[in-house]
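Right, one structure below, let's go through it.
The values are calculated or read from the model by the stated rules, or taken from the named source; none is laboratory data. Not measured: the values here are computed from a predicted model. Cβ atoms come from the backbone with ideal geometry, glycine included; neighbour counts cover every protein chain shown.
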């Protein structure tokens, strides 16, 4: 494997971990008893979605280059 493939694989590994955090955020928001925890869980899930799309974009940009 060359250095570029290892770099792209790193994006996928971190994206998978962030996805797990996003799912944790959804679970936190679903079981929240106050507005603060619900907001935190939804914010964590939203961050995971945006990060995963950024990682996909970034990894495909490096494949092209």
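Side notes on the structure shown:
- Qualifying positions in the range 1-18 - at pLDDT 95 or above and in contact with a helix residue (DSSP H, G or I) (Cβ under 6 Å, 6 or more places away or on another chain): 18
- None of 36, 41 is surrounded by 12 or more Cβ atoms within 10 Å (Cβ to Cβ), at negative phi and modelled with pLDDT of 90 or more except 41.
- In the range 7-22, the residues that are surrounded by 13 or more Cβ atoms within 10 Å (Cβ to Cβ) and either in contact with a strand residue (DSSP E or B) (Cβ under 7 Å, 6 or more places away or on another chain) or under 17 Å from residue 45 (Cβ atoms) (or both): 14, 15, 18, 19, 21, 22
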